[in-house]
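A short worksheet on the structure shown next.
The values are calculated or read from the model by the stated rules, or taken from the named source; none is laboratory data. These numbers come from a predicted model, not from an experiment. Neighbour counts run over all protein chains shown; Cβ positions are idealised from the backbone, glycine included. Heads up: the accessible areas ignore ligands, DNA and RNA and are worked out on the full protein's heavy atoms, side chains in. Shrake-Rupley method; radii C 1.70, N 1.55, O 1.52, S 1.80 Å.
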Amino acid sequence: MKEENKSRCIKCHYPNLEEIFTFCPNCGYPANSNYCSDDNCEMNDPDDPVAFPETDCFCNYCGSETKYFKDGLIQPQKYD
């Protein structure tokens, strides 16, 4: 039996967020939406925007904050 690919909502932590969902069915927050906050960044190409991993706080192309960081959903990690 094939296991479904599910994750948690970054905002409300709803546990069954399926890969095909565009929005969280519990809180309505956009799924997989950690985009660069700079509308002029090339990573925000209107035809093919690039979402960053949910742990990325800054765009690795222009250095601007990501949406999740700007919304206060994530914080930078400290590494030794």
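Okay, here's what the table says:
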item: Flag if F52 is free of Cβ contacts under 8 Å to residues at least 60 places away in the same chain and in contact with a helix residue (DSSP H, G or I) (Cβ under 9 Å, 6 or more places away or on another chain); result: yes
item: Options P53, P46; residue that is open to solvent by 60 Å² or more (accessible area, probe 1.4 Å) and over 12 Å from the mean Cα position of the chain (by Cα); result: P46
item: Candidate set: segment 26-37, residues that are over 24 Å from F58 (Cβ atoms) and not polar (S, T, N, Q); chosen: the one least open to solvent (accessible area, probe 1.4 Å); result: G28
item: Residue within segment 60-68 that is at pLDDT 95 or above, in contact with a Ser or Thr (Cβ under 8 Å, 6 or more places away or on another chain), among the acidic types (D, E) and not in a loop (DSSP other than H, G, I, E, B) present; result: yes
item: Residue within segment 10-25 that is among the basic types (K, R) and in contact with an Asp or Glu (Cβ under 6 Å, 6 or more places away or on another chain) present; result: no
item: Residue match in segment 8-25 (condition: without any contact (Cβ under 8 Å) to a residue 12 or more places away in the chain, of a type in the set (K, R), in a loop (DSSP other than H, G, I, E, B) and surrounded by 12 or more Cβ atoms within 10 Å (Cβ to Cβ)); result: yes
item: Subset of segment 57-80 (residues that are among the charged types (D, E, K, R) and either surrounded by 15 or more Cβ atoms within 10 Å (Cβ to Cβ) or under 14 Å from the mean Cα position of the chain (by Cα) (or both)); result: E65, K67, K70, D71
